[in-house]
Amino acid sequence: MKKYFYVFSLSLQQAMQHRASLLMDRVRSVALLLSLYFLWSALMQNQDSFLGYSRTQMLSYVLCMNLLRAFVLSTHAWDMVGEISSGRISSYLLRPIRYFGFCLARDFSQKVVFLGSALLEVFLLLWCLRATVYFPGSWRSVFFFFVAVWGAFFMYFFLAFLVSSLAFWTSESAGPLFCFELLLQFTAGVFFPLDVLPPYVQGWLHVLPFPYLIYFPLSIYLEKLPLSSILHGFMMQGVWMVILGWVAAGVWRKGLRVYMAEGG
Amino acid sequence: MKKYFRVWWRIAVASLLTQFSTWLSSVGYLLGKLIRLFFFFIFIVAIFQHTKSLKGYSLAQTVLFFLTFNLVDIVAQLFFRGIYAARRIVMEGDLDFFLVQPASPLFRMACGTVDFLDFFTLIPVLALVGMTFSHLPEYLNFFSLFFYVLLVLNGILIALAIHVAVAAMAVWTQELENTIWIYRDLMTLGRFPIDIYSSAVRWVLTLAIPIAVMTSFPAQAFLGKLSLGWILFSFGLSIAMISLSLGLWNKALKEYTSVSS
Amino acid sequence: MSSTIEVKNLAKVFRVPEKSPGLRGALSSLFFRKFREIWAVKELSFSIQKGELVGFLGANGAGKTTTLKMLSGLLHPTSGQVQVLGFTPHQRRIQFLKQISLVMGQRSQLWWEIPAQETLKLNKEIFELGDSEYQETLSELVEVLELQECLDIPVKRLSLGQRMKAELCAALLHRPSLLLLDEPTLGLDVVMQKKMRQFIREYNQRYRATILLTSHNMDDVVALCDRVIIIERGQMLYDGELNRVVERYAPHKLMTVDFQSVVDTERVAALGKIVSNGGSRMVLEIPRKEVSSVASRLLSQFPVVDLTITETPLDDVVRRIFTRTLEK
């Protein structure tokens, strides 16, 4: 356990070293945060509610989305693509450390840095615009929210791990990754709450794992869901976690065999 | 001029062949870009199912803003794609070759690669712009169209100035990493009409980082919401930025130290 | 001005930012940058006539490449005058650039993922070559460089030697009258080095092109150049005939001999001075004129497995000249 903590702290230091790329990542998030925040506040200037969201709820959706995106949808998994194509991955495999655990620790450091930065961004925005944030009426919602966030955390970890493993088979995974990430962000509810979409599209999306990454935890936080839907959501998270975890581990093992067979 | 067109064409062909050699990746990028376009389009249409106006703009008008943003962004991507590799071009010494060959090194750097995929995203955007115009017949006349086109070109010119400045910094310092990506991320602030922002942000986006001038002004001019003063300001701004960035570029070339081989 | 290259009191100073370690150092360097001045080239003067093939020698960091880059217009000189083909290089006039070419070993202008053919076509447009002119030069170069199959294969799949030849082809397409070669044989194997030298000589003779090449490989220079310019720490050390340098500072060749077994050192020493002795491998220093006779005697009297003859390493030659000039 201790060695994974070292990986975590080393990655943390590395993130501080690469401030330029950190800055770049955050500028992207801030630009999205600002444009969405102002878009919704302009839209709700003349109406009290939109799709059942109050003004405060809608703006809180955008603000909390920034936090959740920083915590859930951030990963170092894409580094794996480079590590596989350059052959550097072998050096991890030779050491007495589990790559899975290594990745988890590394991801966690990224998430801590991003979350810290995202919190700062949100507070700055709140301070500048003197806005108010929605806070759940019951502690039960807060509790469920945190459970859902951790569920989302693991789902995304397995998902990113799975998709990055494709690099074992092709050296050209950069384009597909770009495409996948965009698709994921839209269907997870990063750019807009999924309520905006027609009901049949929503129903269709909810069979997929993506809405349970951002949209579902936020709906709990904003208390838009009855208990039955929350429980149903947890069930879906659980099912997807198992499926993704199982497939990711299988694909990884298979990819490793292909990789070793080709001599790296 | 003819020479540069021919050089550009050869670079374009070579880029296309390069992209073919990694077709899987290319298809991924293309699909990603189309998905982004499509989803945001759907988003705007869906919003207007529940509201009548966004800061006084109708659906078609809002879509026009969104498409104009894409138009300027994609054209800049298509023609100045090379700047994204500015640091690599400097560090790996490609710039040395550009400098000893009889063609403008700035041109070689900016157009160093041509992203053909952007043609595939540009075509639907252009088609959609045409369709949007037909939904706004009350605004469509020679002058509105004239100023729209002129201001789009002006926006592309400002984008060029920013790209040149970034290239100059890359040549000069050899260390500014990824600056152009920050511009690109900030650019997304222009996806929706500039009017949605608070006045402070609007001023920043007009005067400090002139994203509004690039993405929102053309649509505003088309809709007759931009005064002549602002139109003249836009042209003045682009001229100033272009001359400033070219000056920076020449200075950078003079200070250029080349990398040791 | 009649000479192709005319250099007077040329100097280039690089200002290198000094970096202090740590976060605080990085932050303070953002605002207060300290610079150290490095004189890469100092008070250099020489001239080269049309059609000459000149070797430009010096140790690593002596300022060869910097000078070459100033001659080609890549770098602005800090002070002094440069005239090349009647132009001031760093003004980078189109007419000037159309007449020169700079080849840097281990640097490539070829597009990596696609056949070299495409880069050649691009250069055709950049140099505004006519179709027939292009075809003619291309077929000539392809023949001389033995490039027949190489141009249609993606560059990344070519061998280093093939790539270097394709590189030369791209650089010579516009038949430059001045060719600047920076370490053209770096990284090539012996056979390829030899071919490369042959080609450079032929290009020089066929087109009466002026060629200036830098190298830290003495063999390149001995095989190609009648005249050498040697610089050290940015300053001129020697400018003149190669023969005189060879006579005075490199009168010997080095002979590396591998024997089948350990041999009697004294018997070998009778043939020449032993520079290093590794039992079954010895390095001998042999006066130039005696090289062939010593070689045949070695082969007949000893069980020789392998024998190679090389020039004295350039660094040694430069060091010898350097100490000699200091003594003066």
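When you go through (1) open to solvent by less than 40 Å² (accessible area, probe 1.4 Å); (2) more than 7 Å from chain B (Cβ to nearest Cβ); (3) farther than 25 Å from B:T62 by Cα one by one for A:M24, which number turns out not to apply? Of everything listed in (1) open to solvent by less than 40 Å² (accessible area, probe 1.4 Å); (2) more than 7 Å from chain B (Cβ to nearest Cβ); (3) farther than 25 Å from B:T62 by Cα, A:M24 misses just condition (2). For the stretch B:1-60, residues that are of a type in the set (S, T, N, Q), out of contact with any Ser or Thr (no Cβ under 9 Å at 6 or more places or on another chain) and more than 10 Å from chain A (Cβ to nearest Cβ) total 1. All of (1) over 30 Å from A:T56 (Cα atoms); (2) open to solvent by 40 Å² or more (accessible area, probe 1.4 Å); (3) under 23 Å from the mean Cα position of the chain (by Cα) hold for A:S85 with one exception: (3).
On the basis of being part of a helix (DSSP H, G or I), touching a Leu at 6+ places or on another chain (Cβ under 7 Å), aliphatic (A, V, I, L, M) and open to solvent by 30 Å² or more (accessible area, probe 1.4 Å), does A:L166 make the cut? In short, no. Could you check, for the stretch C:225-243, whether at least one of its residues is surrounded by 18 or more Cβ atoms within 10 Å (Cβ to Cβ), among the acidic types (D, E) and within 24 Å of C:G80 (Cα to Cα)? Checking the stretch C:225-243: at least one residue is surrounded by 18 or more Cβ atoms within 10 Å (Cβ to Cβ), among the acidic types (D, E) and within 24 Å of C:G80 (Cα to Cα). Within the stretch A:99-158, the set of residues being over 23 Å from A:M241 (Cα atoms), of a type in the set (G, A, S) and under 20 Å from the mean Cα position of the chain (by Cα) comprises A:G116, A:S117, A:A118. Taken over the stretch C:204-239, the criterion of being part of a helix (DSSP H, G or I), of a type outside the set (D, E, K, R) and touching a residue at least 40 places away in the same chain (Cβ under 8 Å) is satisfied by C:N204, C:M218, C:V221, C:V222, C:L224.
A single member of C:L147, C:L122, C:L141 is part of a helix (DSSP H, G or I) and away from chain B (no Cβ under 12 Å), and it is C:L141.
Name the residue, out of A:Y99, A:Y37, that is within 14 Å of chain B (Cβ to nearest Cβ) and open to solvent by less than 20 Å² (accessible area, probe 1.4 Å). Full working, then the answer.
Working: A:Y99 fails: within 14 Å of chain B (Cβ to nearest Cβ).
Answer to the check: A:Y37.
Against the condition open to solvent by 10 Å² or more (accessible area, probe 1.4 Å), of a type in the set (D, E, K, R) and in a loop (DSSP other than H, G, I, E, B), how does B:K225 come out, does it pass?
Values: open to solvent by 10 Å² or more (accessible area, probe 1.4 Å): yes; of a type in the set (D, E, K, R): yes; in a loop (DSSP other than H, G, I, E, B): yes.
So B:K225 fits the description; yes.
I need a count of the residues in the stretch B:151-166 that are touching a residue at least 60 places away in the same chain (Cβ under 8 Å) and open to solvent by 20 Å² or more (accessible area, probe 1.4 Å).
So the answer is 6.
So which residues in the stretch B:146-187 are within 11 Å of the chain's Cα centre (by Cα) and among the β-branched types (V, I, T)?
Taking the stretch B:146-187 and keeping what is within 11 Å of the chain's Cα centre (by Cα), we get B:152-163, B:183-184, B:187.
Hits for the stretch B:146-187 are B:V152, B:I156, B:I158, B:I162.
Restricting attention to the stretch B:167-179, the residues being in a helix (DSSP H, G or I) and surrounded by fewer than 22 Cβ atoms within 10 Å (Cβ to Cβ) number 4. Residue-level check: of (1) in contact with a strand residue (DSSP E or B) (Cβ under 9 Å, 6 or more places away or on another chain); (2) modelled with pLDDT of 85 or more, C:M218 misses just (2). Annotation: C:E113 fulfils all but one of (1) over 27 Å from C:T66 (Cβ atoms); (2) open to solvent by less than 10 Å² (accessible area, probe 1.4 Å); (3) in contact with a helix residue (DSSP H, G or I) (Cβ under 6 Å, 6 or more places away or on another chain); the unmet one is (2).
A quick yes/no check of all residues on (1) of a type in the set (V, I, T); (2) in contact (Cβ under 8 Å) with a residue 24 or more places away in the chain:
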position	(1), (2)
A:R106	no, yes
A:F157	no, yes
A:T170	yes, no
A:Y200	no, no
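Looking across the stretch B:72-100, the residues that are of a type outside the set (A, V, I, L, M, F, W, C), facing chain C (nearest Cβ under 8 Å) and open to solvent by less than 10 Å² (accessible area, probe 1.4 Å) come down to B:G93, B:D96. Highlighted here are the helices (runs of 4 or more DSSP H) found entirely within the stretch B:28-137 that include at least 3 residues which are of a type in the set (A, V, I, L, M, F, W, C) and closer than 30 Å to C:I94 by Cβ: B:59-80, B:86-91, B:94-100, B:105-110.
When you go through C:S108, C:S132 one by one, which is the residue that is more than 8 Å from every other protein chain (Cβ to nearest Cβ) and open to solvent by 50 Å² or more (accessible area, probe 1.4 Å)?
Answer to the selection: C:S132.
Total residues in the stretch C:173-188 satisfying the condition of being away from chain B (no Cβ under 13 Å), more than 15 Å from the chain's Cα centre (by Cα) and not basic (K, R): the figure is 1.
Residue-by-condition table, conditions (1) loosely packed, with under 15 Cβ neighbours inside 10 Å; (2) in a helix (DSSP H, G or I); (3) within 14 Å of chain B (Cβ to nearest Cβ):
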residue: A:M155; (1), (2), (3): no, yes, no
residue: A:C179; (1), (2), (3): no, yes, yes
residue: A:I230; (1), (2), (3): no, yes, no
residue: A:V258; (1), (2), (3): yes, yes, no
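Every residue, every condition in (1) under 19 Å from A:P193 (Cβ atoms); (2) open to solvent by 10 Å² or more (accessible area, probe 1.4 Å); (3) modelled with pLDDT of 95 or more, yes or no:
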{"residue": "B:G28", "(1), (2), (3)": "no, no, no"}
{"residue": "B:L31", "(1), (2), (3)": "no, yes, no"}
{"residue": "B:F43", "(1), (2), (3)": "yes, no, no"}
{"residue": "B:N70", "(1), (2), (3)": "no, yes, yes"}
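Restricted to the stretch B:180-219, and to residues that are of a type in the set (S, T, Y) and facing another protein chain (nearest Cβ under 10 Å), which residue is surrounded by the fewest Cβ atoms within 10 Å (Cβ to Cβ)? Only one residue fits best here, namely B:S198.
Every residue, every condition in (1) touching a Pro at 6+ places or on another chain (Cβ under 8 Å); (2) small (G, A, S); (3) closer than 26 Å to C:S101 by Cα, yes or no:
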| position | (1), (2), (3) |
| --- | --- |
| B:T51 | no, no, no |
| B:A60 | no, yes, no |
| B:D94 | no, no, yes |
| B:F98 | yes, no, yes |
| B:T113 | no, no, yes |
| B:D118 | no, no, no |
| B:P124 | no, no, no |
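For the condition closer than 30 Å to B:T51 by Cβ and away from every other protein chain (no Cβ under 14 Å), what is the one hit in A:L67, A:L32, A:L51? Break it down stepwise before answering.
Values: A:L32 fails: away from every other protein chain (no Cβ under 14 Å); A:L51 fails: away from every other protein chain (no Cβ under 14 Å).
Testing whether each residue is closer than 30 Å to B:T51 by Cβ and away from every other protein chain (no Cβ under 14 Å) leaves just A:L67.
The selection criterion, being more than 9 Å from every other protein chain (Cβ to nearest Cβ) and either crowded, with 19+ Cβ neighbours inside 10 Å or under 23 Å from the mean Cα position of the chain (by Cα) (or both), holds for A:F8.
The values are calculated or read from the model by the stated rules, or taken from the named source; none is laboratory data. The structure displayed is predicted, hence computed values, not measured ones. Note that each Cβ is placed from the backbone with ideal geometry, even for glycine, and that neighbours are counted across all protein chains shown. With ligands, DNA and RNA removed, areas are computed over all heavy atoms of the protein, side chains included. Shrake-Rupley method; radii C 1.70, N 1.55, O 1.52, S 1.80 Å.
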